[in-house]
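The values are calculated or read from the model by the stated rules, or taken from the named source; none is laboratory data. Only a predicted model underlies this, so the values are computations on that prediction, with no experimental measurement involved. Glycine also receives a Cβ, built like all others from the backbone with ideal geometry; neighbour counts cover every protein chain displayed. Just so you know, the surface numbers come from the protein's heavy atoms only, side chains and all, with ligands and any DNA or RNA stripped out. Shrake-Rupley method; radii C 1.70, N 1.55, O 1.52, S 1.80 Å.
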Amino acid sequence: MNTVKKPIRKAVFPVAGLGTRFLPATKAVPKEMLTVVDRPVLQHVVDEARAAGIEHFIFVTGRNKGVIEDHFDKQFELESTLAARGKKKEIEALARDLPQAGQTSFTRQQSPLGLGHAVWCARELVGNEPFALLLPDMLHHGQTSCLADMIEAYSKTGGNLIAVAPVPEDQTHQYGIVGVKDVKAKVSEITNMVEKPQPGTAPSNLHITGRYVLQPEVFALLEKQERGAGGEIQLTDSMIAMMNDDKQPFHAVRFDGDIYDCGSKLGFLTANVALALEREDLADDFRRDLKRLIGTNA
Ligand code: G1P
């Protein structure tokens, strides 16, 4: 069991998915690069990780994802053009978003075998230290960074943490679901987990929202993990083994903000509306246009 709380310095972002739900938009553009207002979905999630103090960003990519690497690099031609035009603010904004040289790593998943396999592909880059895992489809939007809340909880609990939030009971079969000791507590010990439970069999209505703090022992379990729900190598199955066989502590951290599943059209569109309505430079005009639209089409 892990009692020493090593700091969480690295975060893994699995970004190899094909994005078939967004065709034809995702034929040449990775789904993670679709924008919520004017930032790629992935940039929002990297922002969350940086706000939590993450220093190294590990992207598990796949074929046709090259622009993700370009996005997290300096764009020399663009910057010199902006400089020639005196666009200081834009240059500063680009610089603020950019991780420092050496703070990003990229590896490829090669075959789409599931989330567990994608995470396992990051094993050499993570090494023997605990790490954060953020699923970029799930945009977490609240007062504080969800991952920052988790790292704060980790400073007390150590071990492994999973962010959770309630979902309607008729949706539990779409997610990983956890049972906890105290359903009302912000941080509670996890008693059991199941990936995509059959309707009516979920241990609670708390779903795994796509933010994790994991100990590196998970990699050895993922290496021999058999396929689970949907015929895929499931991270949840290795976490169950870690909890039951390795006796590693697992805590759930409730996220109280809004979560938008940007892997679904509805979630993606809602995220765009919600975040645009919070933007000082857009909100008033956008609200006026939305009212006009809804007034006509409702
Ligand atoms: C994955 C996880 C699941 C989690 C979900 C959140 O499932 O396996 O436990 O609830 O992400 O989006 P997927 O969406 O890859 O089917």
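Anything in the stretch 1-45 that is among the aliphatic types (A, V, I, L, M), open to solvent by less than 20 Å² (accessible area, probe 1.4 Å) and touching a Leu at 6+ places or on another chain (Cβ under 8 Å)? List them, or say none.
ALA11, VAL12, VAL15, VAL36, VAL41, VAL45, listed by residue number.
Would you mention how many residues in the stretch 83-105 are part of a helix (DSSP H, G or I) and either over 20 Å from ALA11 (Cβ atoms) or in contact with a Gly (Cβ under 8 Å, 6 or more places away or on another chain) (or both)?
Residues flagged as part of a helix (DSSP H, G or I) and either over 20 Å from ALA11 (Cβ atoms) or in contact with a Gly (Cβ under 8 Å, 6 or more places away or on another chain) (or both) within the stretch 83-105 amount to 10.
Can you spot a residue in the stretch 160-170 that is over 25 Å from LYS10 (Cα atoms), among the aliphatic types (A, V, I, L, M) and out of contact with any helix residue (DSSP H, G or I) (no Cβ under 7 Å at 6 or more places or on another chain)?
Yes.
Pick from the stretch 58-82 the residues that are touching a residue at least 40 places away in the same chain (Cβ under 8 Å) and assigned to a loop (DSSP other than H, G, I, E, B): which of them is surrounded by the most Cβ atoms within 10 Å (Cβ to Cβ)?
Looking at the filtered set, the residue picked out is LYS65.
Which residues, counting only those in the stretch 180-200, are in a loop (DSSP other than H, G, I, E, B) and open to solvent by less than 80 Å² (accessible area, probe 1.4 Å)?
If the condition is that a residue be in a loop (DSSP other than H, G, I, E, B) and open to solvent by less than 80 Å² (accessible area, probe 1.4 Å), then ASP182, VAL183, ALA185, PRO197 are the ones that fit.
Under 9 Å between Cβ atoms, which residue pairs at least 6 apart in sequence (or on different chains) link something in the stretch 273-297 that is open to solvent by 100 Å² or more (accessible area, probe 1.4 Å) with a partner that is not hydrophobic (A, V, I, L, M, F, W, C)?
Partner pairs satisfying both residue conditions: GLU278/HIS141.
This table checks each residue for (1) closer than 20 Å to PHE13 by Cβ; (2) in contact with a helix residue (DSSP H, G or I) (Cβ under 7 Å, 6 or more places away or on another chain); (3) within 15 Å of the ligand (Cβ to nearest atom).
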site	(1), (2), (3)
VAL183	no, no, no
LYS186	no, no, no
GLU189	no, no, no
GLY200	no, no, no
ASN205	no, yes, yes
ARG211	yes, yes, yes
GLU217	no, yes, no
GLY228	no, yes, yes
ILE233	yes, yes, yes
